[in-house]
Amino acid sequence: MTNQEKAAIGYVSTFIGNECWWDGEANEDRSNLDCKIITALGLGYQCSEKHLGYLRKWFSGDKEVLSELQKSNCPTIPYTATSQNTFDKIVIDTKGDSISVYYEVDGTNVREQESWEWSETAYFIATTDNLKLIQKVKSDVDQEKFEITDE
């Protein structure tokens with residue numbers, strides 16, 4: 001995997017849950033959330049300086065992505081949260097300097113007894129030392145209600 005592909009997957013994975021759980025007890029500043037994809041990429045804990053610093057380096061010329069990567073926007077949601085989104089599928093495709101990341105997402109809000117799903121493709125242009133998000137194309141969101149029973 002190239003650094004550019006790693007940054008593209010790291011960016012997408014920042015905002016969608018990927019089997020995240022606290023390493024020990026949750027720190028007061030929520031700085032010890034271990035997410036499988038972020039960890040597999042070697043980026044440390046979710047929203048850590050190692051994680052966000054790596055992405056800021058690769059997206060240094062992309063003001064919109066840099067704005068999204070502000071620490072205050074970085075979600076620290078463990079997989080047991082009442083409301084969350086999770087990946088069902090991620091596919092990366094690289095052709096020349098173009099990288100696309102297609103992903104399918106399921107979400108639930110247990111308290112509201114709602115679920116939803118959608119897919120999205122993020123398109124990037126890569127150079128030897130930078131990555132730029134060109135566009136994201138998101139499907140319609142399919143939503144439905146569910147019931148929780150005591151059975």
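Given the options 67, 31, 48, name the one that is over 14 Å from residue 6 (Cβ atoms) and surrounded by fewer than 14 Cβ atoms within 10 Å (Cβ to Cβ).
Numbers: 31 fails: surrounded by fewer than 14 Cβ atoms within 10 Å (Cβ to Cβ); 48 fails: surrounded by fewer than 14 Cβ atoms within 10 Å (Cβ to Cβ).
On inspection, the qualifying residue turns out to be 67.
Those residues that are assigned to a strand (DSSP E or B) and free of Cβ contacts under 8 Å to residues at least 40 places away in the same chain, I need them from the range 76-96; list them, please. Spell out the reasoning first.
Initially, the range 76-96 is screened for residues assigned to a strand (DSSP E or B), giving 83-95.
Selection gives 83, 88, 89, 91, 93, 95.
Scan the range 70-85 for residues that are more than 18 Å from residue 117 (Cβ to Cβ), surrounded by 13 or more Cβ atoms within 10 Å (Cβ to Cβ) and among the hydroxyl-bearing types (Ser, Thr, Tyr) and the total you get is 1. If only residues of the range 1-60 that are of a type in the set (D, E, K, R) and touching a residue at least 60 places away in the same chain (Cβ under 8 Å) are counted, the one that is farthest from residue 108 (Cα to Cα) is 5. Residues that are of a type in the set (Asp, Glu), loosely packed, with under 15 Cβ neighbours inside 10 Å and assigned to a strand (DSSP E or B) within the range 107-151 comprise 114, 142, 144, listed in sequence order. A residue that is of a type in the set (Asp, Glu) and assigned to a helix (DSSP H, G or I) occurs nowhere in the range 19-27. All conditions in (1) assigned to a helix (DSSP H, G or I); (2) within 14 Å of the chain's Cα centre (by Cα); (3) over 12 Å from residue 16 (Cα atoms); (4) touching a residue at least 40 places away in the same chain (Cβ under 8 Å) hold for residue 101, with the sole exception of (1).
Every number in this text was worked out from the coordinates using simple rules, so none of it is lab data. As the structure is a prediction and not an experimental result, all values here were calculated from the model. Note: ideal-geometry Cβ built from the backbone for every residue, glycine included; neighbour counts use all protein chains shown.
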